[in-house]
Amino acid sequence: MRRSRIPSDDQPDGQLANLPFRLREPFIPADHLKFYVVLQEIMGERFAILVKVSLGEIVTVARPNQNVQFYNRIFRKNVDFLLCEPQGLRPVMGVQLVKSPGRDDTRHSESFIQDVFAAAGLPLVCVPLSENYSLSELMPLLELAMVKVQKASQSRSAKDDFAPICPRCGVSMVLRVYREGPKSGMQYYGCLNAPECNEIVPI
């Protein structure tokens, strides 16, 4: 069977010209660009501002064996702006430009992104789309978001994300359910390598 050859970067320009890739125009919409300029003026050098960041690059899914469906929910979703520490680029805050109330699917998508950031302990500021943005109006929104999420993160327990490590294999254990016997229906943590390894951790 003959395999088609994938063009590489060192091929002649004539062959590379046949690839169907073009620069996206514009990379960022005009209304988003206006906001970016104002946001950069507010933040100065305190934060690095990243644009159009995928949710999958910001958060991870805790207890993945139990929460597979949540991978699909963050697929192809992004936050408009992500503010990060200049050193190390640790995420600090998200900013989402939201449309005027209207379509239910738009509101649902925006609400879900808010929930993702709140669950991850990150502030998310939602700013209505506008032709012009005011420094005096944006500053209180940024400060309020920081206060709200700091309070929420203090009340969340780290044990909610706990998944034990198998004492025998050293791999992450997964949540399982007894199917029979006196413990039928009860949950426990079992080794990922079962049935080769029968180590369990009760809940």
- Message: Taking the conditions exactly as written (modelled with pLDDT under 75 and not hydrophobic (A, V, I, L, M, F, W, C)), does ASP115 satisfy them or not?
- Response: no
- Task: Please find, within segment 119-176, the residue that is surrounded by the fewest Cβ atoms within 10 Å (Cβ to Cβ) out of those that are at pLDDT 70 or above and of a type in the set (Gly, Ala, Ser).
- Result: SER136
- Message: So ALA30 ticks every box in (1) loosely packed, with under 10 Cβ neighbours inside 10 Å; (2) within 30 Å of GLU143 (Cβ to Cβ); (3) at pLDDT below 85 but one. Which box is left unticked?
- Response: (3)
- Cβ pairs under 8 Å, 6+ apart or interchain, first in segment 13-34 and under 19 Å from LYS52 (Cα atoms), second modelled with pLDDT under 90, ordered by first then second residue, are ASP31/LEU129; ASP31/SER130; ASP31/GLU131; LEU33/PRO26; LYS34/GLU131; LYS34/ASN132; LYS34/TYR133
- Check whether at least one residue in segment 56-70 is among the β-branched types (Val, Ile, Thr), at pLDDT below 90, outside the structural domain of GLN187 (by TED's automatic domain parsing) and within 20 Å of SER130 (Cβ to Cβ), and report yes or no. no
- Message: I'd like to verify a number: residues in segment 52-61 that are in contact with a strand residue (DSSP E or B) (Cβ under 7 Å, 6 or more places away or on another chain), surrounded by fewer than 16 Cβ atoms within 10 Å (Cβ to Cβ) and of a type outside the set (S, T, N, Q), how many?
- Response: 1
- Name every residue in segment 172-186 that is more than 12 Å from ASN65 (Cβ to Cβ) and either touching an Asp or Glu at 6+ places or on another chain (Cβ under 9 Å) or not hydrophobic (A, V, I, L, M, F, W, C) (or both), in order of residue number. TYR178, ARG179, GLU180, GLY181, PRO182, LYS183, SER184, GLY185
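The values are calculated or read from the model by the stated rules, or taken from the named source; none is laboratory data. Computed from a prediction, not measured in an experiment: that's the story for all the values here. Every residue, glycine among them, receives a Cβ derived from its backbone with ideal geometry; neighbour counts consider all protein chains shown.
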